[in-house]
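Reading through the structure tokens given below for one structure.
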Amino acid sequence: MEAMRLIEASRHALALSQEPSDIVAEVWQSQALAQAIGSRLAVAGPPELRSEALGLSEVGGRGCGALDAPGLGKEGIRAARLTGIGQAHELLRGLDELLGEVGIALVGVAMGADDEGVYWQCMEAIDAADESRDRVLEMVRRLAVREQSLAGPDSAAEPSP
């Protein structure tokens, strides 16, 4: 499945989740997706994104590891269905939105946690989601620099009167 469709499916599933265990399961799915997208970009993405993409993959894995592995039911791991990444810029913007929503959802779970262990799992997962977003935003910045350099130096200059 194309990455943007998986991102949208993850956003939708997270938005529908009401119970803390369901939210945590969707956060885990989202971090697994960030890990898979990072891996794919590191191997097949634009060269200027590869180091940050590898970092995204590592942080996504850490985000999954911070949380108890969820019971995934019949759907399984959504990220395992990743077949293509499409346009890197659009993909990264979508992933940025998803990771922002993940962070907000985790804050809600942490605030309502009765168990100190759950609270600290959420804090670690929030840190991982924030770091993932930082990596994504750096890749967006690098793409913008790449596009600007490909357009040439004259494209940034103001036209003369």
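The values are calculated or read from the model by the stated rules, or taken from the named source; none is laboratory data. All values derive from a computational prediction rather than experimental measurement. As a convention, Cβ positions derive from the backbone with ideal geometry for all residues, glycine included, and neighbour counts pool all protein chains shown. All accessible areas refer to the heavy atoms of the entire protein, side chains included, with ligands and DNA or RNA removed. Shrake-Rupley method; radii C 1.70, N 1.55, O 1.52, S 1.80 Å.
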Is it the case that L143 is in contact (Cβ under 8 Å) with a residue 60 or more places away in the chain and within 21 Å of the chain's Cα centre (by Cα)?
yes
From the options E101, E131, E116, E75, residue that is over 19 Å from V43 (Cα atoms), in contact with a Lys or Arg (Cβ under 7 Å, 6 or more places away or on another chain), open to solvent by 50 Å² or more (accessible area, probe 1.4 Å) and not β-branched (V, I, T):
E101
Could you grab me the full set of residues in segment 13-44 that are closer than 19 Å to V59 by Cα and either touching a Pro at 6+ places or on another chain (Cβ under 8 Å) or charged (D, E, K, R) (or both)?
V24, A25, E26, W28, Q29, R40
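Only one of Q29, Q35, Q18 is loosely packed, with under 15 Cβ neighbours inside 10 Å and of a type outside the set (D, E). Can you tell me which?
Details: Q29 fails: loosely packed, with under 15 Cβ neighbours inside 10 Å; Q35 fails: loosely packed, with under 15 Cβ neighbours inside 10 Å.
The conditions single out Q18.
Those residues that are among the hydroxyl-bearing types (S, T, Y) and surrounded by fewer than 17 Cβ atoms within 10 Å (Cβ to Cβ), I need them from segment 38-52; list them, please. Show your work before the answer.
From segment 38-52, those among the hydroxyl-bearing types (S, T, Y) are 39, 51; that's our starting set.
Of everything in segment 38-52, just one residue is among the hydroxyl-bearing types (S, T, Y) and surrounded by fewer than 17 Cβ atoms within 10 Å (Cβ to Cβ), namely S51.
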Spot the failing condition for S39; the list is (1) touching a helix residue (DSSP H, G or I) at 6+ places or on another chain (Cβ under 7 Å); (2) of a type outside the set (A, V, I, L, M, F, W, C); (3) within 15 Å of G103 (Cα to Cα), and only one is missed.
(3)
Taking the stated definitions as given, is G86 within 14 Å of E2 (Cα to Cα) and not in a helix (DSSP H, G or I)?
yes
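Residue-by-condition table, conditions (1) under 21 Å from I104 (Cα atoms); (2) open to solvent by 10 Å² or more (accessible area, probe 1.4 Å); (3) assigned to a helix (DSSP H, G or I):
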{"residue": "H12", "(1), (2), (3)": "yes, yes, yes"}
{"residue": "I23", "(1), (2), (3)": "yes, yes, yes"}
{"residue": "L54", "(1), (2), (3)": "no, yes, yes"}
{"residue": "E58", "(1), (2), (3)": "no, yes, yes"}
{"residue": "G61", "(1), (2), (3)": "yes, yes, yes"}
{"residue": "C64", "(1), (2), (3)": "yes, yes, yes"}
{"residue": "A69", "(1), (2), (3)": "yes, yes, no"}
